[in-house]
Amino acid sequence: MLFKGISYNYLIAATRSIFQNKKISFINIVSLAIGLAVTLLVMLFVQFELTYDRWLTDNDRIFRYETQFTEPGRDPRYIAHSDYMVKGALLDNFSEIEIATHFTAARHTILHKNTAFREVIHYVDNQFLEVFDLPLVEGDKTSVLKAPGSLVISQTTARKYFGAEPAIGKTIEIEGSQDGNTRAFMVAGVFIDIPKNSQLRWMTIIVRNPLNLEQYGGVAHANWTYPRVETYLKLKHGARA
């Protein structure tokens, strides 16, 4: 009871002090609130950065290949895209690499139930899921991208097109995909929504594509001056980048 009495007296005294010194109290309270808000934002930012792509299995062994452009009189420029031929050259010349994958993206119109949606489609090769272990909520990881005309979509995309119904086996039409014609694709799997603090955060629809030269610029992909794909490497255990 004595402790409660003392606490009550402190509360009364603090309240009186606030009302007797309104301007100073207001400044102190606002300053404290701003300080706490800034501290919280800094903590959230640090957590966001420190957990970047940590959700990926073997994230410490996955690296992105970047292209460096050097021009006379200018500092080097780096871009995330690389040439189609980079993947094969790296695998042939660096034994430290266990597996590699490359993919590209294009914006297409998706037709579904008489409604058109504009979406970014990511075209990946057969090794994509061996490098990036995307957790699936529907489908078998070993087969979702094996069959031609198959695709996997994110949970949010699945709800957008199919509501609460299972998405596997459903079809959507992609206008201008691959060969320029409208084609029907079957949903073979659904993966979790990729976190915002990830290099893959823009992926919502993934289509298997062998990245044939004819489909992505023909002869332009047969040289080293046409960076159109993103190339990722997964190093062997114990290898150093």
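The values are calculated or read from the model by the stated rules, or taken from the named source; none is laboratory data. Predicted model, so just to flag it, every value in this text is computed and none were measured. FYI the Cβ positions are ideal-geometry reconstructions off the backbone, even for glycines, and counts take in every protein chain you see. Quick note on the areas: whole protein, heavy atoms, side chains included, nothing else; ligands and nucleic acids left out. Shrake-Rupley method; radii C 1.70, N 1.55, O 1.52, S 1.80 Å.
With 0.36 nm allotted per residue and the present C-alpha distance subtracted, the Ala116-His237 stretch has 39.0 nm of extension available. What the phi angles of segment 48-53 give under the Karplus curve with 6.51, -1.76 and 1.60, with θ = phi - 60°, is a coupling list of 4, 6, 6, 9, 4, 6 Hz, glycine and proline written as x. When the alpha carbon gyration tensor of segment 141-205 is reduced to an equivalent ellipsoid, the three semi-axes, largest first, read 20, 15, 13 Å.
Note on Ser25 and Asp140: the model spin-label points, each 7 Å out from Cα along the C-beta direction, lie 7.0 nm apart. Stretching Asp133 away from Arg201 to a fully extended chain increases their span by 23.1 nm, per 0.36 nm per residue minus the current alpha-carbon distance. At an R0 of 41 angstrom, the distance between the Cβ atoms of Glu173 and Asp58 translates into a FRET efficiency of 0.70. Measuring r between the beta carbons of Leu40 and Gln155 and using R0 = 25 Å, the FRET efficiency lands at 0.30.
A straight chain from Phe48 to Leu91 at 0.36 nm per residue would run longer than the Cα-Cα distance by 12.2 nm. Packing here is the average count of other Cβ atoms within 10 Å per residue, and on that basis the peptides 135-144, 120-129, highest first, run 120-129, 135-144.
About its Cα centre, the dipole of segment 97-201 is roughly 400 debye, where the only charges are +1 on Lys and Arg Cβ and -1 on Asp and Glu Cβ. What segment 57-211 shows is 51 Å² of accessible area per residue, with the surface traced by a 1.4 Å probe over protein heavy atoms. Annotation: peptides 227-236, 81-90, ranked by per-residue average of other Cβ atoms within 10 Å with the highest first, follow the order 227-236, 81-90.
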